[in-house]
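This report refers to the structure that appears directly beneath it.
The values are calculated or read from the model by the stated rules, or taken from the named source; none is laboratory data. These numbers were taken from a predicted model, which means no experiment stands behind them. Every residue, glycine as well, gets a Cβ built from its backbone with ideal geometry; the counts of neighbours run over all protein chains shown.
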2 protein chains.
Amino acid sequence: MEVEVLEGVFDANEIIAGENRKLLGEKGIFMMNLMSGPGAGKTSFILRTLEGLPENSRIAVIEGDITGKIDSERIARTGAGAIQINTGGSCHLEAKQVNTALQKMNLDTIDFIIIENVGNLVCPAEFKLGEDLRVMILSVAEGDDKPLKYPLMFTESDVLIVNKTDLLPNTDFDMAKMKSVVMKMNPDVEIFELSCRTGDGIASWISWIKRKVPGDAVG
Amino acid sequence: MEVEVLEGVFDANEIIAGENRKLLGEKGIFMMNLMSGPGAGKTSFILRTLEGLPENSRIAVIEGDITGKIDSERIARTGAGAIQINTGGSCHLEAKQVNTALQKMNLDTIDFIIIENVGNLVCPAEFKLGEDLRVMILSVAEGDDKPLKYPLMFTESDVLIVNKTDLLPNTDFDMAKMKSVVMKMNPDVEIFELSCRTGDGIASWISWIKRKVPGDAVG
């Protein structure tokens, strides 16, 4: 009985995710879903991405948090459009919430939407939002054993950002070991090692995402 | 409709948590529920705790993970009893799973049970397991804004362990600010600042938990 209820939730989510995708397709908008555990650096990564893309890029950010608007305020200070979704306790975003946010935005003025999901390495991976690209962040401070403990997130992501590389000398994180585990689970994943704090390694991510977003949306 | 289903889940969990508590009360066992986001250092903290308590302490560890047994194997290498619960995708432990684990253990040989919950700063706080003490870990690498973003965990915990203090010089973590926010949300919380990596600050936690566990269970 419980399983039936859950399947219902997932099915309904898939349908609305499909609607989101259709709407974005019509408007020619590229949408990225950014996921990670708490404190891996999602907001800092978005700020670095906004900074790295041309000034005239038409980008909007959807911020998912359980409560509060710390992150959308951080984003808004850069001048980028930011919409805050508060999940009211729920540990992940669902397609329906994103749909509501999309309806509040002027989609004709946007080419690229970045969604910052709730900080959680588990459930966000189960809920598609209608995105074109799924990006996850692992901070080296979290340890190199995370892919084996939270496999779905690592399997479902198109891109793995390994953040806080400036902390590598102060941790026991084994980059080669972690990457080899992830490559076995998800051979197509793109991996970027960088530090949002120092800016190290950001350039190759920027160059990659520029090529990925269709047309000349982001320069 | 959806809300009704959720309330049903929570109610059922409360009942089984009550049964766990009754069983543990009869056996004179003290149970601690350890929660945090992924990679904040739960397993390392348990290892430091086992190391700090007298050798003849009768302690068992219940390890909650989505999949795999990396953590229970780490614990078992110390000689402590360890039982692994795999949630099969679920992002938190529920009282029922702990009940199943308790039934597999010889409770007459145990005085202190440590439960390592699934790495998640959100949902574990919503599910009581029948524990006497709720302990959460925040790693300084996660940032000082976490209490405002994940308030329930910080409000529901009896103890806040601030881990990885050895990384403080390499982060922008503002300890005073974080503590002041937490103290407003949860004035009774006990806060320990420590580093499981270096061992710094562990002694005061050990001395506190020794006093907390009833009788002479842990020396």
Residue within the stretch B:19-39 that is closer than 15 Å to B:Lys128 by Cα and among the acidic types (Asp, Glu) present: yes
Among residues of the stretch A:83-128, those that are surrounded by fewer than 22 Cβ atoms within 10 Å (Cβ to Cβ), within 13 Å of chain B (Cβ to nearest Cβ) and part of a helix (DSSP H, G or I), counted: 2
Residue within the stretch A:7-15 that is under 19 Å from the mean Cα position of the chain (by Cα) and touching a residue at least 12 places away in the same chain (Cβ under 8 Å) present: yes
Among the residues listed as B:Lys128, B:Lys164, the single one being within 26 Å of A:Asn170 (Cβ to Cβ) and among the basic types (Lys, Arg): B:Lys164
Hits in the stretch A:181-210 - residues which are under 28 Å from B:Asp166 (Cα atoms), over 17 Å from the mean Cα position of the chain (by Cα) and of a type outside the set (A, V, I, L, M, F, W, C): A:Arg197, A:Thr198, A:Gly199, A:Asp200, A:Gly201
B:Gly79, sole failed condition from (1) of a type outside the set (Ser, Thr, Tyr); (2) surrounded by fewer than 21 Cβ atoms within 10 Å (Cβ to Cβ); (3) in contact with a strand residue (DSSP E or B) (Cβ under 9 Å, 6 or more places away or on another chain): (3)
Scan of the stretch A:86-119 for residues that are under 18 Å from A:Phe45 (Cβ atoms) and of a type in the set (Val, Ile, Thr), ordered by number: A:Ile113, A:Ile114, A:Ile115, A:Val118
Selection within the stretch A:96-126 - within 30 Å of B:Thr67 (Cα to Cα), among the aliphatic types (A, V, I, L, M) and more than 14 Å from the chain's Cα centre (by Cα): none
Test set (1) farther than 27 Å from A:Lys146 by Cα; (2) in contact with a helix residue (DSSP H, G or I) (Cβ under 8 Å, 6 or more places away or on another chain); (3) modelled with pLDDT of 95 or more - A:Glu63 fails condition number: (1)
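Here's the yes/no breakdown for (1) closer than 25 Å to A:Cys91 by Cβ; (2) at pLDDT below 95:
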residue	(1), (2)
B:Ile29	no, no
B:Gly37	yes, no
B:Gly41	yes, no
B:Ala76	no, yes
B:Gly89	yes, yes
B:Asn99	yes, no
